Amino acid sequence: MQTIRHFIDGAFVEPASGAFLDVYEPATGTVYAQLPDGDGDDVERAVSAARRAFPGWAATPAAERSRVMLKIADLVEANLEALARAESIDNGKPLALARAVDIPRAVANLRFFATAILHTQSEAHLTDGAALNYTRREPRGVAGCISPWNLPLYLFTWKIAPALATGNTVVAKPSELTPMTAHRLAELCAEAGLPPGVLNVVHGLGPKVGAALVAHPDVPAISFTGGTATGAAIAARAGPQFKKLSLELGGKNPNLVFADADFDTALRTSVRAAFANQGQICLCGSRILVEQPLYDRFVEAFASATRELVVGDPFDEATHQGALVSSQHLEKVRGYVDLARAEGGTVLCGGERPGDLPERCAGGWFLEPTVITGLDAGCRVNREEIFGPVVTIMPFQREPDAVTWANATPYGLAATIWTRDLDRAHRVANQVQAGIVWINCWLLRDLRTPFGGMKNSGVGREGGDEALRFFTEPKNVCVKMRSL
Ligand code: NAD
């Protein structure tokens, strides 16, 4: 049994309470590690360490911060296989996916922000030759970074990398469901020579550790990725203290397939967009809208491709779909399949526990990829985030209907459009309410672009300059040069 500890002030320490929680392997349903049941006392200790480390780290030249972060990235890359295994065990995702996507993208996050700080521009404005205004951007202090379980190391690094690069110190809280890769990263940070207190990792439950971090008066910035309800609770708590908030929340993303689309590519990518990571990616295309002439052909081919997906042991290289992250989450997702039936939908395939799982996975939390038709845009299944391997397909006759239905949820994170008509592609992209719109592709990311959601999908944007700005406080200095 492995035991995880907090990482505070450069050392691995016991929780103040002495209490630990179980960490489960979703593929087997068994406990495989222990996690500190952290609380406000641990957060206090971590924030104090981060405050002490702040002046030194903020004053460290950007080139030196960059060097240490690039060293961390190199160590993550050197440990790719072990980290991918840890993430697969923690999360239930296929090892092949963690190896190909999650861990390499974590390396990319670290390298991107470690080098971005070497190329930033500072702003200066001459005011009629009479004054010079220049803008300093200073790190805010101790940043609180709270991340979810679905892409554990990728989203953890997505937050801590820009915070550290810009000279902040960090208290980070990974999800209690998937803590292992953040724990391993802390080890690698120590090995890379990151000074004590610059990154602190406090483990435990959201309402205890996360809430204490959000409420702490010495943490002026909170970067959070997770569910919309949690985001609302954080905003309510942080708002009266005027904390800087970045909230990356849920999604219910439409995938619009027009009749002139490249059928094979649209089909193949739509299956991936629906079920990658067991549908547990905030950007998954979980509502597919298909233009009527294509509808029957698309539905038949989509269901057939879905039946081909192999659900099984995440360690098996042939597996496309692993386990869902927890038994509670599995029950929630299954509840939506029941709701779909109650709302008049037809389950074309999936919806059940796979019958042919290997013995090791007998107690695991698996669900067949599920395709549902026959529901309208206004029903709960089509409006609420399910966050599992469940997708709905519905037909549309006219482009304006497709746009209306695409927008008919409280969310606005991502959308995908499949068409060969360039005018339509831009027209629809303009009308769809989403922070990112993919045209004839999905999940293609450029780290320089702003990332985030409209409506209930969040507040603020991350990525590129947006992240560098979020973690720094602008201060304008106006110098008089001559009388006006
Ligand atoms: P969650 O909101 O339950 O938990 C996220 C993190 O917040 C965890 O570390 C948790 O411990 C912590 N937390 C829980 N309650 C808290 C509180 N009261 N105060 C402070 N912290 C608290 O989300 P989850 O189930 O881990 O993740 C799934 C959700 O995340 C989905 O809704 C998904 O769409 C969303 N998500 C969004 C993005 C994005 O970029 N927009 C990316 C990935 C996941």
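Test of understanding: among PHE451, PHE366, PHE387, which residue is open to solvent by less than 60 Å² (accessible area, probe 1.4 Å) and more than 16 Å from the ligand (Cβ to nearest atom)?
Going through PHE451, PHE366, PHE387 in turn, the sole match is PHE366.
Within the range 466-484, which residues are touching a residue at least 24 places away in the same chain (Cβ under 8 Å), within 22 Å of the chain's Cα centre (by Cα) and open to solvent by 70 Å² or more (accessible area, probe 1.4 Å)?
Once the filter is applied, which keeps residues that are touching a residue at least 24 places away in the same chain (Cβ under 8 Å), within 22 Å of the chain's Cα centre (by Cα) and open to solvent by 70 Å² or more (accessible area, probe 1.4 Å), the range 466-484 yields only ARG469.
Quick one: is GLY56 within 24 Å of PHE471 (Cβ to Cβ) and either open to solvent by 50 Å² or more (accessible area, probe 1.4 Å) or not aliphatic (A, V, I, L, M) (or both)?
When the stated conditions are applied, GLY56 passes them.
Please identify the pairs in which a residue from the range 107-127 that is in a loop (DSSP other than H, G, I, E, B) has its Cβ atom under 7 Å from the Cβ atom of a residue that is open to solvent by 40 Å² or more (accessible area, probe 1.4 Å), counting only partners at least 6 apart or on another chain.
Taking only residues 6 or more apart or on different chains, the pairs are LEU118/ALA63; SER122/TYR134.
Answer yes or no: is there a residue in the range 115-127 that is at negative phi, within 16 Å of the ligand (Cβ to nearest atom) and not assigned by TED's automatic domain parsing to the domain that holds LEU324.
no
Write out, first by first residue and then by second, each pair whose Cβ atoms fall under 8 Å of each other, whose residues are 6+ apart or on separate chains, and whose first residue, in the range 207-233, is part of a loop (DSSP other than H, G, I, E, B) while the second is of a type in the set (D, E, K, R) and more than 7 Å from the ligand (Cβ to nearest atom).
Within 8 Å, the pairs are HIS216/GLU44; ASP218/ARG51; VAL219/LYS243; PRO220/ARG140; PRO220/LYS243; PRO220/LYS244.
The rows are residues; the columns are (1) of a type in the set (Phe, Trp, Tyr); (2) more than 29 Å from ASP260 (Cβ to Cβ); (3) assigned to a helix (DSSP H, G or I); (4) open to solvent by 60 Å² or more (accessible area, probe 1.4 Å).
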position: SER286; (1), (2), (3), (4): no, no, no, no
position: LEU289; (1), (2), (3), (4): no, no, no, no
position: PRO293; (1), (2), (3), (4): no, no, yes, yes
position: ARG297; (1), (2), (3), (4): no, no, yes, yes
position: ALA303; (1), (2), (3), (4): no, no, yes, no
position: PRO314; (1), (2), (3), (4): no, yes, no, no
position: GLU331; (1), (2), (3), (4): no, yes, yes, yes
position: TYR336; (1), (2), (3), (4): yes, yes, yes, no
position: ARG341; (1), (2), (3), (4): no, yes, yes, yes
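ARG427 fails exactly one of the following numbered conditions: (1) modelled with pLDDT of 95 or more; (2) within 12 Å of the ligand (Cβ to nearest atom). What is the number of that condition?
Only one criterion is unmet by ARG427, namely (2).
Going through the range 412-435 one residue at a time, which ones are assigned to a strand (DSSP E or B) and either farther than 23 Å from THR265 by Cβ or outside the structural domain of LEU294 (by TED's automatic domain parsing) (or both)?
Passing the criteria: only GLY412.
Having 1 or more residues that are small (Gly, Ala, Ser) and within 30 Å of GLY363 (Cβ to Cβ) is the bar; report the helices (runs of 4 or more DSSP H) wholly within the range 8-99 that clear it.
The qualifying helices (runs of 4 or more DSSP H) are 80-91.
Just to be sure I understand the filter: pairs with C-beta atoms under 6 Å, separated by 6 or more residues or on different chains, first member in the range 21-49 and basic (Lys, Arg), second member open to solvent by less than 40 Å² (accessible area, probe 1.4 Å) and in a strand (DSSP E or B). Which pairs pass?
Qualifying pairs under 6 Å: ARG45/ILE8.
Here are some residues: LEU245, LEU194. Which one is open to solvent by 10 Å² or more (accessible area, probe 1.4 Å), more than 9 Å from the ligand (Cβ to nearest atom) and either assigned to a strand (DSSP E or B) or under 17 Å from LYS173 (Cβ atoms) (or both)?
LEU245
Restricting to the range 313-334, name every residue that is within 15 Å of the ligand (Cβ to nearest atom) and without any contact (Cβ under 8 Å) to a residue 24 or more places away in the chain.
GLN328, GLU331 - these are the residues of the range 313-334 that are within 15 Å of the ligand (Cβ to nearest atom) and without any contact (Cβ under 8 Å) to a residue 24 or more places away in the chain.
Please enumerate the residues belonging to the range 262-282 that are in contact (Cβ under 8 Å) with a residue 60 or more places away in the chain and open to solvent by 10 Å² or more (accessible area, probe 1.4 Å).
Once the filter is applied, which keeps residues that are in contact (Cβ under 8 Å) with a residue 60 or more places away in the chain and open to solvent by 10 Å² or more (accessible area, probe 1.4 Å), the range 262-282 yields ASP262, THR265, THR269, ARG272, ALA276, ILE281, CYS282.
Could you list, in sequence order, all residues of the range 148-167 that are of a type outside the set (S, T, N, Q), in a helix (DSSP H, G or I) and buried (at least 23 other Cβ atoms within 10 Å of the Cβ)?
Within the range 148-167, PRO152, LEU153, LEU155, PHE156, TRP158, LYS159, ILE160, ALA161, PRO162, ALA163, LEU164, ALA165 meet the criteria.
Any idea which residue in the range 68-91 is surrounded by the most Cβ atoms within 10 Å (Cβ to Cβ), counting only those that are small (Gly, Ala, Ser) and farther than 29 Å from ASP22 by Cβ?
In this case the residue turns out to be ALA73.
Output yes when any residue across the range 168-183 is surrounded by fewer than 23 Cβ atoms within 10 Å (Cβ to Cβ), assigned by TED's automatic domain parsing to the domain that holds ALA27 and of a type in the set (A, V, I, L, M, F, W, C), and no when none is.
There is at least one residue in the range 168-183 that is surrounded by fewer than 23 Cβ atoms within 10 Å (Cβ to Cβ), assigned by TED's automatic domain parsing to the domain that holds ALA27 and of a type in the set (A, V, I, L, M, F, W, C).
Can you confirm whether VAL13 is among the β-branched types (Val, Ile, Thr), within 20 Å of PHE156 (Cβ to Cβ) and in contact (Cβ under 8 Å) with a residue 40 or more places away in the chain?
no
Step by step: first the residues of the range 356-381, then only those that are farther than 18 Å from PHE302 by Cβ, part of a loop (DSSP other than H, G, I, E, B) and acidic (Asp, Glu), then the one that is modelled with the highest pLDDT. Which residue is that?
Residue satisfying both the conditions and the ranking: ASP376.
Given the condition open to solvent by 10 Å² or more (accessible area, probe 1.4 Å), of a type in the set (S, T, N, Q) and at pLDDT 95 or above, answer yes or no: does some residue in the range 93-113 qualify?
no
Quick grid of which residues meet (1) touching a Ser or Thr at 6+ places or on another chain (Cβ under 6 Å); (2) within 8 Å of the ligand (Cβ to nearest atom); (3) of a type in the set (Gly, Ala, Ser):
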residue	(1), (2), (3)
PHE156	yes, no, no
SER175	no, yes, yes
HIS203	no, no, no
GLY210	no, yes, yes
ALA233	no, yes, yes
ARG237	no, yes, no
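The values are calculated or read from the model by the stated rules, or taken from the named source; none is laboratory data. All of these numbers come straight from a predicted model, not from anything done at the bench. In this analysis, Cβ positions are derived from the backbone assuming ideal geometry, glycine residues included, and neighbour counts consider all displayed protein chains. In case anyone asks, the SASA skips ligands and DNA or RNA and just uses the protein heavy atoms, side chains included. Shrake-Rupley method; radii C 1.70, N 1.55, O 1.52, S 1.80 Å.
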